[in-house]
Amino acid sequence: MNKLILRNIAIISALFIVTFSTMLITNYFQVRGTTPLQTEVVETLKQLNDENNGNPALQEQIRQLDLLARKAYFVRIDHLMVGVYILLGMLAVFLVSARLYFVRDKNIPLKAIDQMDEWIIKSKARKYVGWIASGIAAIALIFVVLSSPYLTTTEAAPKTEEGATAAILPETENEPEQINPTDSSAIETAEADSSKLPADSVSKQIPVSKITHNAFRGNNSNGITSAKGVPVKWDLGGGTHIAWKHDIPRSGFNSPVINGNKVFISGADEKARELYCYDLTTGEQLWTLAAVNIPGSPFKMPETTEDTGLAASTVATNGKQVCAIFASGDLICADMEGKKLWAKNLGMPDNHYGYASSLLSFGNLLIVQYDNQNSPKVIALDMATGAERWSKSRKEKVTWSSPIIAYVNNKPQLVLMGNPAITAYNPNNGEQLWRVECLSGEVGSSACSSNGVVYGASEYATLVAINATDGTVLWEANDYLPEVSSPVATKDFVYLATSYGTVASYDSKTGKLGKVHDFSGSQFYSSPIIAEGKIFLFSNDGKMHVFSADAEFKLLQSFETGENTFATPAFTDNKIVVRTEKSIYCVTAN
Amino acid sequence: MKNKIVLMCLFLLQLGQGVAQNRFPKPDFESGYKYPEIHYAVSHEDLLVIVDIFLLVLLMGIVSWAVIKKRTRKPIIWVSVISVAYFGFFRHGCVCSIGSIQNIALALVDSTYVLPLSVLLFFILPVLFAFLFGRVFCAGVCPFGALQELVHIKSYKLPRTLSIILGMIPWIYLIFALLYAITRTSFIICHFDPFVGFFRLGGDIGMILFGAVLLILALFVGRPFCRFMCPYGALLSLFSSVSIWKIRLTDKSCINCELCHNACPVDAIRPPYTNKVNESRERGVKRLLNYFVLLPLMILCGAFLMRLVSNELSRSNKDVRLYEMVMQHETNPGEVLSVELEAFYGQGGVINELAEKAEKVQSDYNFYATIAGILIGLVIGITLIELSVKRTRKLYEIDHAACVGCARCFSYCPQYKIGNESGNTSL
């Protein structure tokens, strides 16, 4: 074939290929960016369908639109594929014509591309290899330095603590640590301004664990923590493994929570109701916020029993705000620096022992289980503003149990125990998902969940396992039942502690009673927490028991701490914070 | 010409059979409609595997015969066409010898990993042939090499310095591919396969564009992927350099005409060398000795640096990544769940178990990344030592490690032509 013709074919096909490739790539990105089933119209119709609880005509309309969208999508894809075939065909034409054009041309350059001596080439290459290797090593070093957590935290946190160690709170890493002095509600503050600290303490900063313990029994109030390096033995009297210990200004049975480098508890008596913040590393009391000047707050505190008190409810935080509730119905919320954000009174709870349900944070929502004689309900409030997001009245009698979040089929469920039912809600809108009437009497312990199953137990009632996908009861048992302490579950076992000194394990799938430990003379109000495959459980007399969270359920440790403990400890990496009857202390692995 | 047209038609027909699979979400509310059970058509996979192995051996045999015995290029072109059509478009580029490195590496460290026989053979047979006859697999049996060979129109040489530097990439790539494979992180050779998108007529747009750039480059530069990227090629070059039967340009004596050197698209023919540089022997020897002394230091440096970055590298492992996501979620439980977290919580994942897995992966990374660092230091050190050695050559010689057996050089050799006047050199 004439060389000129071949050349022209090659040029034309090359031009075609370039133009066509550009079009195809453009088309590809257009198709890729298309989400035909998420058009505004379809989405609006779907929303209408949800609101109308399934309108057949509407559903038919959605189906038609859905079909149309799918057809349109696949037609575009088909067009794209046809384009690819045409492109490949033209590529073949180009290659064949170009090869035939060059077929007789011998590749004989007049001179070599590298005119210089081979040794000079090698010398140059050696030099470049050396440079490149050094460059890569330098980049690797820079990469390592930049990604170092030590560098990140040192840069991020301006605050340090007195002494050798200081810590960084990830959530407030760009904000100075201080209390608004103009806020009259802040009674006691403790500034931690780095400018007041010795320079060398900055270099000794240690990163704070990201493991939080945001509510009663940890995040989601499920009794399981991801904390690592948790100490398994300490001596409170001798100070071994004790980082710090302080007396608590006012009493309370609530448990500590941890977020970043801050520990929160509350305390109350006839004179005041207060939220306290401590420094996790040093134990320094950073600030106190009193529940004062709250519209609707009762002048006289409600009558409560000695073992409940005015501050039995554990506080909750989401890392930005921290909220506390008291038996008077006073609910206060502060930012992490102790500045009061809002406060309200939910109405004096009619509760013969005293209000005791703990708060639960779910993102920016604060969940309040308010099961009282007068108007039992569950409320979700915006943690930042206190605005009510949703509220559902409940058919339960007075309850002392606390809410939990269970993840079931990828979705969160808010699970509440009550008398007579365990009920699950959608935490985002309060929609009731299922309800199982299985409890009776005074319900004090809370539920737990694992592997899509919710476990609830209450003394004089039952231990029940509920399939949380549909609310069906899987099994029930009643050998040992808790009164105040809440159970905890792994995928294989459920563990619970009774108020008469028995700690028992059950097979989570069948409800068959497993190994039982009897601690005669002891009582368990504190709830077990699972950390690193071990169950940590305090008896009221202050004895810490550590069990293995497995089939053997072995008692690994059992030791006296010397102080009565009713609260459930809070866990983070290498640390446990314990509230005793009168004090709060931090156990450290170091 | 007629043959070419028929072949092209067959080629295009084969392309037409490729159908891209699209995923599309099902309607998200219930209508009572029951989806039929999905039945996947099972192809004659066992038979095809046998055909794969048979064809692999046959094609490598043909190439060996063509380059060692006959010194002709024409069969290699046909082998390339068959390889691209069969191993490429029909078998969609899988099983691939290049990727098989990863399976072998994983099987060596993980006894629970079941290595398919076909994968083992696809790895070992080209190595065996390389040891016997040189890189005959690369010549035209590998669909990647064959594709580049077929699109190559005219050779323009890259500066040798650049070729030397780029030539280190396949080794580094090989080391990282092994690291990621044995830590069960990813088969990066498969993920970053630039040509599989062409063979499957669909895939990641980024990789397809990268493949297109390589192919455009391959129009004028001999086999850029094989020379500057292919980790399997790097491995084969070791065996090829010590092969039993080596490719020879001619049986007759070389007349130093330079034609073969200019013809070689992969720069695998070394010209005669006489030292024209005014450098004392003593200085050269001293440099060489210095590099030998520095070699352990480079190895240690590589090991140290890779150890340092091992935790960061481990974040590409799905378990480590998931663990970080879970930890993030545990810190802010109210955030919307990602697909990964939904799967984790939905399947009742236990954080402690995940933490254990992540720790195991990180520990593996600490160990294997250190080994990888040692190897990287070794590659750089040996390259520097090689570049410090002066070799005297009186004639043009084939660098058997770099030669891919494309057989272009034969027809250029005047000595060869004397005995093969009738040979067709049109291709």
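The values are calculated or read from the model by the stated rules, or taken from the named source; none is laboratory data. Model, not experiment: these values are computed from the prediction. For neighbour counting, all protein chains shown are included, and Cβ atoms are generated from backbone atoms with ideal geometry for every residue, glycine included.
Would you confirm, using the coordinates I've provided, whether residue B:302 is assigned by TED's automatic domain parsing to the domain that holds residue B:100 and not hydrophobic (A, V, I, L, M, F, W, C)? Quick ask: steps written out before the conclusion?
Values: assigned by TED's automatic domain parsing to the domain that holds residue B:100: no; not hydrophobic (A, V, I, L, M, F, W, C): yes.
When the stated conditions are applied, residue B:302 does not pass them.
Take the conditions more than 9 Å from chain A (Cβ to nearest Cβ), under 33 Å from the mean Cα position of the chain (by Cα) and modelled with pLDDT under 90 and apply them to residue B:413. Does it pass?
On the way: more than 9 Å from chain A (Cβ to nearest Cβ): yes; under 33 Å from the mean Cα position of the chain (by Cα): yes; modelled with pLDDT under 90: yes.
Spelling it out, residue B:413 is indeed more than 9 Å from chain A (Cβ to nearest Cβ), under 33 Å from the mean Cα position of the chain (by Cα) and modelled with pLDDT under 90.
Please go through (1) part of a loop (DSSP other than H, G, I, E, B); (2) buried (at least 24 other Cβ atoms within 10 Å of the Cβ) for residue A:350 and return the number of the only condition it doesn't satisfy.
(2)
Could you tell me how many of the residues in segment A:543-562 are hydrophobic (A, V, I, L, M, F, W, C) and in a strand (DSSP E or B)? Before the answer, list the steps.
Of segment A:543-562, the ones hydrophobic (A, V, I, L, M, F, W, C) are A:544, A:546-547, A:549, A:551, A:553, A:555-556, A:559.
Now narrow it down to the ones that are in a strand (DSSP E or B): A:544, A:546-547, A:555-556, A:559.
So the count comes out to 6.
Out of the residues in segment A:446-473 that are on the phi > 0 side of the Ramachandran plot and more than 14 Å from chain B (Cβ to nearest Cβ), state the one that is surrounded by the most Cβ atoms within 10 Å (Cβ to Cβ). Give the steps one after another, and end with the answer.
Quick first cut of segment A:446-473, residues on the phi > 0 side of the Ramachandran plot only: A:451-452, A:460, A:471.
Among the residues that remain, those that are also more than 14 Å from chain B (Cβ to nearest Cβ) are: A:460, A:471.
On the way: A:460: 12, A:471: 16.
Taking the candidates together, the pick is A:471.
Tell me which residues, restricted to segment A:517-536, are farther than 22 Å from residue A:358 by Cβ, in contact (Cβ under 8 Å) with a residue 24 or more places away in the chain and within 14 Å of chain B (Cβ to nearest Cβ).
Step one: list which residues in segment A:517-536 are farther than 22 Å from residue A:358 by Cβ, which gives A:517-522, A:532-534.
Checking the rest, the ones that are also in contact (Cβ under 8 Å) with a residue 24 or more places away in the chain come to A:517, A:519, A:532, A:534.
Answer for segment A:517-536, where residues must be farther than 22 Å from residue A:358 by Cβ, in contact (Cβ under 8 Å) with a residue 24 or more places away in the chain and within 14 Å of chain B (Cβ to nearest Cβ): A:532, A:534.
Residues that are away from every other protein chain (no Cβ under 14 Å): list the helices (runs of 4 or more DSSP H) wholly contained in segment B:119-195 that include at least 2 such residues. Give the derivation first.
Values: elements: B:143-151, B:160-166, B:169-182, B:188-191.
Fully inside segment B:119-195 and qualifying: B:143-151, B:169-182, B:188-191.
Among the residues of segment A:55-76, how many are surrounded by fewer than 16 Cβ atoms within 10 Å (Cβ to Cβ) and at the interface with chain B (Cβ under 8 Å from one of its Cβ atoms)?
Of the residues in segment A:55-76, 3 are surrounded by fewer than 16 Cβ atoms within 10 Å (Cβ to Cβ) and at the interface with chain B (Cβ under 8 Å from one of its Cβ atoms).
Yes or no: segment A:397-411 includes at least one residue that is over 17 Å from residue A:349 (Cβ atoms), among the aromatic types (Phe, Trp, Tyr) and touching a residue at least 12 places away in the same chain (Cβ under 8 Å).
Keep residues of segment A:397-411 that are over 17 Å from residue A:349 (Cβ atoms), which gives A:404-411.
If we keep only those that are among the aromatic types (Phe, Trp, Tyr) as well, we get A:407.
Within this subset, residues satisfying the condition of being touching a residue at least 12 places away in the same chain (Cβ under 8 Å) are A:407.
Within segment A:397-411, one or more residues are over 17 Å from residue A:349 (Cβ atoms), among the aromatic types (Phe, Trp, Tyr) and touching a residue at least 12 places away in the same chain (Cβ under 8 Å).
Only residues that are crowded, with 19+ Cβ neighbours inside 10 Å and part of a loop (DSSP other than H, G, I, E, B): list them for segment B:229-266, please.
The answer is B:229, B:230, B:243, B:247, B:249, B:250, B:264, B:265, B:266.
How many residues does segment A:377-394 contain that are part of a loop (DSSP other than H, G, I, E, B) and at pLDDT below 90?
Here is the first cut: in segment A:377-394, the residues part of a loop (DSSP other than H, G, I, E, B) are A:383-387, A:394.
Narrowing further to those that are at pLDDT below 90: A:384-387.
Qualifying residue count for the region: 4.
Give the residues of segment B:83-101 that are hydroxyl-bearing (Ser, Thr, Tyr) and crowded, with 20+ Cβ neighbours inside 10 Å, sorted by residue number.
The first filter runs over segment B:83-101 and keeps only residues hydroxyl-bearing (Ser, Thr, Tyr), leaving B:83, B:86, B:97, B:100.
Within segment B:83-101, B:83, B:97, B:100 qualify.
For segment A:537-585, name all the residues that are farther than 23 Å from residue A:311 by Cα and within 14 Å of chain B (Cβ to nearest Cβ).
The answer is A:548, A:549, A:550, A:572, A:573.
Collect the residues in segment B:312-323 that are in contact (Cβ under 8 Å) with a residue 24 or more places away in the chain and either more than 30 Å from the chain's Cα centre (by Cα) or surrounded by 16 or more Cβ atoms within 10 Å (Cβ to Cβ) (or both), keeping them in residue-number order.
At the first step, the residues of segment B:312-323 found to be in contact (Cβ under 8 Å) with a residue 24 or more places away in the chain are B:313-314, B:316-320, B:322-323.
Hits for segment B:312-323 are B:313, B:314, B:317, B:319, B:320, B:322, B:323.
Quickly run through segment A:97-120 and pick out the residues that are modelled with pLDDT of 85 or more and either part of a loop (DSSP other than H, G, I, E, B) or within 7 Å of chain B (Cβ to nearest Cβ) (or both).
Within segment A:97-120, A:98 is the sole residue that qualifies.
Can you name the residue in segment A:77-96 that is closer than 16 Å to residue A:32 by Cα and more than 10 Å from every other protein chain (Cβ to nearest Cβ) and is also farthest from the chain's Cα centre (by Cα) among such residues? Quick ask: steps written out before the conclusion?
In the first step, residues of segment A:77-96 are kept if they are closer than 16 Å to residue A:32 by Cα; the result is A:77-81, A:83-84.
Still in the running and more than 10 Å from every other protein chain (Cβ to nearest Cβ): A:79, A:83.
Details: A:79: 46, A:83: 48 Å.
In this case the residue turns out to be A:83.
Counting just the residues of segment A:495-513 that are more than 14 Å from chain B (Cβ to nearest Cβ) and more than 20 Å from residue A:558 (Cα to Cα), which one comes out surrounded by the most Cβ atoms within 10 Å (Cβ to Cβ)? So that I can check it myself, show each step before the final result.
Going through segment A:495-513, the residues more than 14 Å from chain B (Cβ to nearest Cβ) turn out to be A:495-507, A:510-513.
Among the residues that remain, those that are also more than 20 Å from residue A:558 (Cα to Cα) are: A:506-507, A:510-513.
Working: A:506: 27, A:507: 16, A:510: 11, A:511: 18, A:512: 12, A:513: 15.
Out of the qualifying residues, it is A:506.
Would you point out which residue out of A:496, A:481 is of a type in the set (A, V, I, L, M, F, W, C) and either closer than 30 Å to residue B:355 by Cβ or not assigned by TED's automatic domain parsing to the domain that holds residue A:357 (or both)? Show your work before the answer.
Numbers: A:481 fails: either closer than 30 Å to residue B:355 by Cβ or not assigned by TED's automatic domain parsing to the domain that holds residue A:357 (or both).
When all the criteria are applied, what remains is A:496.
Kindly indicate the residue of segment A:281-301 that is crowded, with 18+ Cβ neighbours inside 10 Å and closer than 21 Å to residue A:352 by Cβ and also modelled with the highest pLDDT among those meeting that condition.
A:301
Tell me, which helices (runs of 4 or more DSSP H) lie completely within segment B:268-356 with 2 or more residues that are facing chain A (nearest Cβ under 8 Å) and at pLDDT 80 or above?
Numbers: elements: B:281-314, B:318-331, B:339-346.
By residue number, B:281-314, B:318-331.
In segment A:254-291, how many residues are closer than 23 Å to residue A:590 by Cβ, hydroxyl-bearing (Ser, Thr, Tyr) and part of a strand (DSSP E or B)?
Number satisfying all stated conditions: 1.
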